[in-house]
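A.B. asks: One structure is given below, represented as C-alpha cells, and several questions about it will come after.
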Amino acid sequence: MSDTNDIKQLFNQHVVPSYGRFDLVLVRGAGSHVWDAEGRRYLDFATGIAVCSLGHAHPEITEALVEQSRQLVHVSNLYYNEPQGRLAEALVRHAGSGKVFFCNSGAEANEGLYKLARQFGHEEGRFEILTAHNSFHGRTLAGIAATGQEKVKQGFAPAVTGFRHVPYNDLEAMRAAISPATVAILVEAIQGESGVQPASVDYLLGLRRLCDEHKLLLLLDEVQCGHFRTGAYFGFQRLLEGVPGAAAFQPDGISMAKSLGGGFPIGAFWARAPYADLLSPGKHATTFGGTPLGCAVALRILAVIERDKLADNARHMGEFLKSELLKLAAQHPHVIKTVRGFGMLIGIELCEGIAAFAGSTKPASVQMVERLHAHGLLTVPAGARVVRFLPALNLRKEDAIEGLRILETAVATLA
Ligand SMILES: *Cc1c(COP(=O)(O)O)cnc(C)c1O
C-alpha cells in the first residue's frame, strides 16, 4: 500500500487540480466510520456529501451489486430492463402521479428539468427559468447558469442564456421577476451548499400559486435534501408536514441524485403528469441512465430504509443532534451562532470574528472542518461560516454522541 505522500503525488502529477482537497487519503469504510492511509479512524458525518445513505460497506449494497452484476450490468435504453421500471414505480410512489427519467448525477437531473421546461414553453416562445440567490444546481454550463452564485460562473462566459436569479424566500421578488418569457421556477427546498437554508412554508405555497397563475412549472431541486435525509422522502414534504392546506402541494418536476444510489452514481428527475410526456421519443437520452446495476442498488437501498425504518431514525437522530447542538451553542455563543436543518442535514453557523481563525485566509467553515479532522470527525463546509453534518440515515446513537463529543472538544478550544 502506497503511503499518503505517494498518493498525493499521483494527484499532483495526473489529476486535474479543480478541487481544493483536504489532506486525507481515505482507504476503507464500515458503517459510519472511515480509515485513512495512515490507519487513523474518522467518524463520517460527510458521507461523500450526503451520498452514502446507508454508511460504508453496507453488506446489502454489496449483495445487490454482486447479484445484479452476475446477471446484467448494462444494456442501454434501446431496451427495457426490470430494475429501472421497478425503481421508477417506487419513486412515483413517493413523488406522486407522474414519470421518472434516469441519469447519472444531480447536474444532469437538473439539465433534464431545464429541457422539460423549455419543451413546455416552446410553442409560446417561453424559455426563461427563475432561480434563487445562493442556490446550487451543479457544474455543467447550464448548471452554473442556473446557480445563483458568482463564484461558479467566473471565467466561463458566455453563460447559457435563459436563467435569472432573485433573492431566496422572497415571494414578492419572484413575482416581480416573472416576464413574458418565463416558463419555470427552480429552487431547492432546503439550500444545501450555501449553508442549510430551508424554504419557508409561505414561500413554497406561494410559489405554487404563482406558478399556477402564470402557467409556470414549479421545479424543486431535491438532490441534497431528498431521499429521506430530513425524515420525509422529500425535503419539501418535511417542511410542509402538518401545514393546513398543504397536503395537496405538488411540484411539477423534482431532481434527485446524491443519496439515491448510496455511492453508486445514479440521478433521476420526476415530472408530474402530463408534463412527463413532453419528452417524447428522441427528445432526451443518456447512455448510462437507469442501468440495471444502478437501479438494483437503489431499489435495495429503498427496501433497507423501509424495513429498518431509517426515515424515522434520520428524523429522531436529527432531533437529538439538533437539541444537543443548540445546548452547545448556548454554552458557546461566541463560537456557534445558530443551528439549522432537519434530520441528517444540519448546518452549524459559526460566529464572525473567531480569534483562532484570524491567522489564516481560509474561510472559518474550512478551518473548522480541518480542526474536526484532527479530532477524528469528517464534516462538510458550506459557504464561509457553516459546517454541515450529513450523517448516514442509519446513524447509531453512540456514533451521534461520539460526533457531538468531538465537536464539543473542538469548540471548547475556540472559546
Ligand atoms: C450536489 C448538488 C447538485 C449537483 O449534483 P452533482 O451530482 O454533483 O452533479 C445539484 N443540486 C444540489 C442541491 C446539490 O446539492
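We did not get these values from a lab; they are worked out from the coordinates using the rules stated. Bear in mind that the values here come from a model prediction, so they are computed numbers and not experimental data. Backbone-built Cβ (ideal geometry, glycine too); neighbour counts: all protein chains shown.
A.B. asks: For each of Ile49, Ile254, count neighbouring Cβ atoms within 10 Å of the residue's Cβ, then give the residues from fewest to most.
C.D. replies: Result, fewest neighbours first: Ile49, Ile254.
A.B. asks: Run the numbers on the stretch 72-307 and let me know its relative contact order in percent, using alpha-carbon pairs under 8 Å that are six or more apart.
C.D. replies: Computed over the stretch 72-307, the figure is 30 percent.
A.B. asks: Give me the Kirkwood hydrodynamic radius of the stretch 324-415, using the inverse of the mean 1/r over all pairs of distinct Cα atoms, in Å to one decimal.
C.D. replies: That comes to 13.2 Å for the stretch 324-415.
A.B. asks: Let me ask another. Any idea how far apart Val15 and Lys337 come out in nm if each label point goes 7 Å out from Cα toward Cβ?
C.D. replies: 3.2
A.B. asks: Quick one: putting +1 on the C-beta of Lys and Arg, -1 on the C-beta of Asp and Glu, what dipole do you get for the stretch 311-415 around its Cα centre, in Debye to the nearest 20?
C.D. replies: With Lys and Arg at +1 and Asp and Glu at -1, about 160 debye.
A.B. asks: How long are the semi-axes of the ellipsoid equivalent to the chain, from square roots of 5 times the Cα gyration tensor eigenvalues, in whole Å, largest first?
C.D. replies: After diagonalising the Cα gyration tensor, the semi-axes are 33, 27, 21 Å.
A.B. asks: Same structure again: Which residue, chosen from Ala184, Phe136, Val166, occupies the Cα position most advanced towards the positive end of the dipole of the stretch 72-307, where the dipole is computed from +1 (Lys, Arg) and -1 (Asp, Glu) charges on Cβ about the Cα centre?
C.D. replies: The residue sitting most towards the positive pole is Phe136.
A.B. asks: Please report the net charge: other residues with Cβ closer than 12 Å to the Cβ of Ile61, K and R +1, D and E -1.
C.D. replies: Within the 12 Å Cβ shell, the charges total -2.
A.B. asks: Reachable lysines from Lys153, Cα under 25 Å, same-chain residues fewer than 8 places away excluded?
C.D. replies: Lys115, Lys258, Lys362
A.B. asks: Using the Cβ atoms and a cut-off under 15 Å, what net charge is assigned to the surroundings of His332, where Lys and Arg are +1 and Asp and Glu are -1?
C.D. replies: Net charge in that neighbourhood comes out at +1.
A.B. asks: How many percent of DSSP beta bridges within the chain run antiparallel, rounded to 5?
C.D. replies: Bridges in the chain are about 65 percent antiparallel.
A.B. asks: Around Val304, under 12 Å between beta carbons, what's the net of Lys plus Arg minus Asp minus Glu among the other residues?
C.D. replies: Neighbour charge sum, excluding Val304 itself: -1.
A.B. asks: If I histogram all Cα-Cα distances within the stretch 72-307 using bins 10 Å wide from 0, what percent of pairs lands in each bin?
C.D. replies: 8, 34, 38, 18, 2, 0
A.B. asks: Would you mind ranking Leu130, Leu239 so that the residue whose beta carbon has the fewest other beta carbons within 10 Å leads the list?
C.D. replies: The most exposed by this proxy come first: Leu239, Leu130.
A.B. asks: Determine which aspartates and glutamates satisfy two conditions relative to Lys99: a Cα distance under 14 Å, and not lying fewer than 8 residues away in the same chain.
C.D. replies: Glu89, Asp252, Asp277
A.B. asks: Follow-up question, since we're still on this one. Students often get this wrong: which residues of the stretch 263-291 have the backbone nitrogen under 18 Å from the point 7 angstrom along Cα-to-C-beta of His74?
C.D. replies: 263-268, 285-291
A.B. asks: Further question on the same structure: So for the stretch 72-307: antiparallel DSSP bridges make up what percent, rounded to the nearest 5?
C.D. replies: Taking every DSSP beta bridge with both residues in the stretch 72-307, the antiparallel ones total about 45 percent.
A.B. asks: Kindly put Thr161, Thr286, Thr291 in sequence by how many other C-beta atoms sit within 10 Å of each C-beta, fewest to most.
C.D. replies: Ordered from fewest to most neighbouring Cβ atoms within 10 Å, Thr161, Thr286, Thr291 come out as Thr161, Thr286, Thr291.
A.B. asks: Give me the dipole magnitude in Debye, nearest 20, for the chain about the Cα centre, with unit charges on the beta carbon: positive for Lys and Arg, negative for Asp and Glu.
C.D. replies: 140
A.B. asks: Related question: Please find the FRET efficiency linking Asp212 to His133, where r is the Cβ-Cβ separation and R0 is fixed at 35 Å, and quote it to the nearest 0.05.
C.D. replies: Efficiency, rounded to the nearest 0.05: 0.90.
A.B. asks: Could you tell me what fraction of 2.2 N^0.38 Å the Cα radius of gyration of the stretch 256-415 comes to, as a two-decimal ratio?
C.D. replies: 1.30
A.B. asks: Roughly how many debye, to the nearest 20, is the charge dipole of the stretch 72-307 about its Cα centre, given +1 on each Lys and Arg Cβ, -1 on each Asp and Glu Cβ, and no other charges?
C.D. replies: In debye, rounded to 20, the stretch 72-307 gives about 360.
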